[in-house]
Each structure stands twice: as C-alpha cells, then as structure tokens.
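J.: Before I ask anything, let me first share the structure, which is written out below as structure tokens.
The values are calculated or read from the model by the stated rules, or taken from the named source; none is laboratory data. For clarity, every value in this text was computed on a predicted model and none was experimentally measured. Note that each Cβ is placed from the backbone with ideal geometry, even for glycine, and that neighbours are counted across all protein chains shown.
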Amino acid sequence: MVEIREESSEPHYSGSTNTHSRARQEGESDPNVGVSALEFLKNQPSEVALFLTRLITIYCSLSYVLPVGKLSAQHTAYSRAFFAAAATNAIRLHQRVGGVRFSRDFFLSVIAEDACHYLLYSILFVSAAPVTMALLPVFLFAVLHAASFCKRFCISTGNGTGFVARMLDEFIKNHSSNLLFVIAYSEIFIMPLFVALIFTGKGSIFFPIIYYRFLAFRYMSRRNDTTRIAFWQLRCSLERAVASPSCPLKVRDCAYAFIRLICRLCPT
C-alpha cells in the first residue's frame, strides 16, 4: 500500500502510512486541525495553487478524452492539460529547490527532482502530436494528489472521520500503488508508440532522443522506484515468454537482443 503525499520541501521522502487510524493521528497532531475552511486555505496558498492547477489538469484531460464539443476545443484542452501540469511541477520544483543558483550542485539537485522530470515531460508534450496515452501520467498524478489534498482538508477542518474523508482515505490506500504502476507502464510504452509515429510521418525524429532522457531520469528517481520495477517486470515477463519450447528460435534471439539493448541503454 502506498499513500500519495506531497514531498516535503526538505530533501527526504516521507514514508507510507498503513492504516486509517494512523492517518487520523497525523491529522490530530496537525496544528491546522479544527480550523475553518477559509483559514486552512489562507494558511496554505501554495498547496491551494497546486490543487487548482491539478483540477485544471483533470478537467482538461477529461475534456480531451470525452467526445464532447468541437475537435478544435479538444485539441485546446489537450494543450491546456499539459500547461497546467507544467505549472504544477514548476511550483513543486520551486518548493523543493528554492531560488535559482548558478552552480553545478544546484543543477544536479534540480534534475534529481521528480518535479523537474514531469516539468520536462509536460513541456515536451505541449508541442507534440496529441497522444491520449501521454495524458495518463499527468491525469493520474493530478487525481491522486488532489484526493490527498481533499483528505487533508477534511481532517484539518474537523471532518476527518466523515464519509468523504473515509472514502478518500480508502481510495488512496487501495489504489495508489496500482495507479503508480499504471503511470510507469504508460511512460514506458509511449516510447515505442512515438517511434512508430515517426515512420507514419506524425512524429519528430528528435522526440525519442529527448524522451529517452526523461525515461532515464524516471529510472534513476530517488523517491519513486516504480519505473525501475516496471522495467524489471517487463524483462521477466518477456524472458518467461520466450523461454517456452514453442517459441521460435529467431523470435527468442530477437527478444534477447532487445533485452541486451535496453540493458545497455539503462542508466547506472
């Protein structure tokens, strides 16, 4: 079980919580518990801004996917979803690293942040050909973090044991881990999808090169190891599939050659 929570502005990763009672205890120790809704929002302007940009991402993603409105409006919604996601990650990156400093250490600290990875991801897809799968990571992250914010809001305003808070808590505890792996797998499968688009004339030849850097950053992430695990699971599944006696030898050789290629490309 994984609970989605905002990263602290301190350079460490907050651990997962395991029970609903623990979530309540955390809420009870929060100095904001029992405050009015307006006071809670005033005390956390950055979190409110993040919540609003995530709502925009969710709304625009749904507006693009659902067959409602004109085609031009759907394409506009696609771009706006990534603009909102870029704004979200820019705010998070600022919270994590603070002001700009012109030094090598600062640059390394920036590119190590997950927010930097998804800022690059969002900017990359704003100008790329619309691909529905590309919306999945930013949409699911927006849903998970928005749900987490709503739960904290309920706890802080004294409604931590209410129906809405309990539903949000159950959603986060039961589905966060699975959704994180859905995000990781979608990010991986976007690469071959865009390679295929190049051969159809709908993609840029430079996109896979830039996107490879994004995947490398996600593979080396210090706070979220789902991409590394997803690559390992895919490798194990492919090796099991080609190990079958019924698998043609040429297919098996191609599969192992592909695995060796991916292993060479994996950052260390």
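J.: Quick check on this structure: which one of 240, 222, 213, 235 is among the charged types (D, E, K, R) and either surrounded by 17 or more Cβ atoms within 10 Å (Cβ to Cβ) or part of a loop (DSSP other than H, G, I, E, B) (or both)?
T.: Going through 240, 222, 213, 235 in turn, just one is among the charged types (D, E, K, R) and either surrounded by 17 or more Cβ atoms within 10 Å (Cβ to Cβ) or part of a loop (DSSP other than H, G, I, E, B) (or both): 222.
Conditions (1) free of Cβ contacts under 8 Å to residues at least 40 places away in the same chain; (2) under 21 Å from residue 132 (Cβ atoms), marked per residue:
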{"position": "207", "(1), (2)": "no, yes"}
{"position": "217", "(1), (2)": "no, no"}
{"position": "230", "(1), (2)": "no, yes"}
{"position": "239", "(1), (2)": "yes, no"}
{"position": "245", "(1), (2)": "yes, no"}
{"position": "253", "(1), (2)": "yes, no"}
{"position": "257", "(1), (2)": "yes, no"}
{"position": "260", "(1), (2)": "yes, no"}
{"position": "263", "(1), (2)": "yes, no"}
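J.: Of the residues that make up the range 226-244, is at least one among the acidic types (Asp, Glu) and out of contact with any Lys or Arg (no Cβ under 8 Å at 6 or more places or on another chain)?
T.: Yes, there is a match, as at least one residue in the range 226-244 is among the acidic types (Asp, Glu) and out of contact with any Lys or Arg (no Cβ under 8 Å at 6 or more places or on another chain).
J.: Could you list, ordered by first residue, the pairs with Cβ atoms under 9 Å in which the first is in the range 98-123 and closer than 17 Å to residue 134 by Cα and modelled with pLDDT of 90 or more and the second is crowded, with 19+ Cβ neighbours inside 10 Å and hydroxyl-bearing (Ser, Thr, Tyr), at least 6 apart or interchain?
T.: Cβ pairs passing all conditions: 115/88; 118/88; 119/88; 121/211; 122/88.
J.: Just the residues that are assigned to a helix (DSSP H, G or I) and of a type in the set (Ser, Thr, Tyr), please, taken from the range 77-119.
T.: 78, 79, 88, 109, 118 - these are the residues of the range 77-119 that are assigned to a helix (DSSP H, G or I) and of a type in the set (Ser, Thr, Tyr).
J.: Select from the range 201-210 the residues that are outside any helix (DSSP H, G or I) and aromatic (Phe, Trp, Tyr) and list them in ascending order.
T.: 206
J.: All but one of (1) outside any loop (DSSP other than H, G, I, E, B); (2) surrounded by fewer than 16 Cβ atoms within 10 Å (Cβ to Cβ); (3) hydrophobic (A, V, I, L, M, F, W, C) hold for residue 125; which doesn't?
T.: (2)
J.: Within the range 215-268, can you find the residues that are at pLDDT 90 or above and either of a type in the set (Lys, Arg) or on the phi > 0 side of the Ramachandran plot (or both)?
T.: Selection gives 218, 228, 235, 240, 250, 252, 260.
J.: With respect to residue 94, is the statement that it is over 19 Å from residue 227 (Cβ atoms), at pLDDT below 95 and either of a type in the set (Asp, Glu) or within 19 Å of the chain's Cα centre (by Cα) (or both) true?
T.: So residue 94 fits the description; yes.
J.: Is it true that some residue in the range 97-110 is under 25 Å from residue 226 (Cα atoms), touching a helix residue (DSSP H, G or I) at 6+ places or on another chain (Cβ under 7 Å) and not β-branched (Val, Ile, Thr)?
T.: There is at least one residue in the range 97-110 that is under 25 Å from residue 226 (Cα atoms), touching a helix residue (DSSP H, G or I) at 6+ places or on another chain (Cβ under 7 Å) and not β-branched (Val, Ile, Thr).
J.: In the range 103-122, how many residues are surrounded by fewer than 22 Cβ atoms within 10 Å (Cβ to Cβ) and either small (Gly, Ala, Ser) or over 15 Å from the mean Cα position of the chain (by Cα) (or both)?
T.: Final tally of qualifying residues: 11.
J.: Given (1) touching a Leu at 6+ places or on another chain (Cβ under 6 Å); (2) touching a residue at least 60 places away in the same chain (Cβ under 8 Å), identify the lone condition not met by residue 140.
T.: Looking at each condition in turn, residue 140 falls short on (2).
J.: Can you report the number of residues in the range 150-175 which are of a type outside the set (Phe, Trp, Tyr), surrounded by fewer than 20 Cβ atoms within 10 Å (Cβ to Cβ) and part of a helix (DSSP H, G or I)?
T.: Selection size over the range 150-175: 8.
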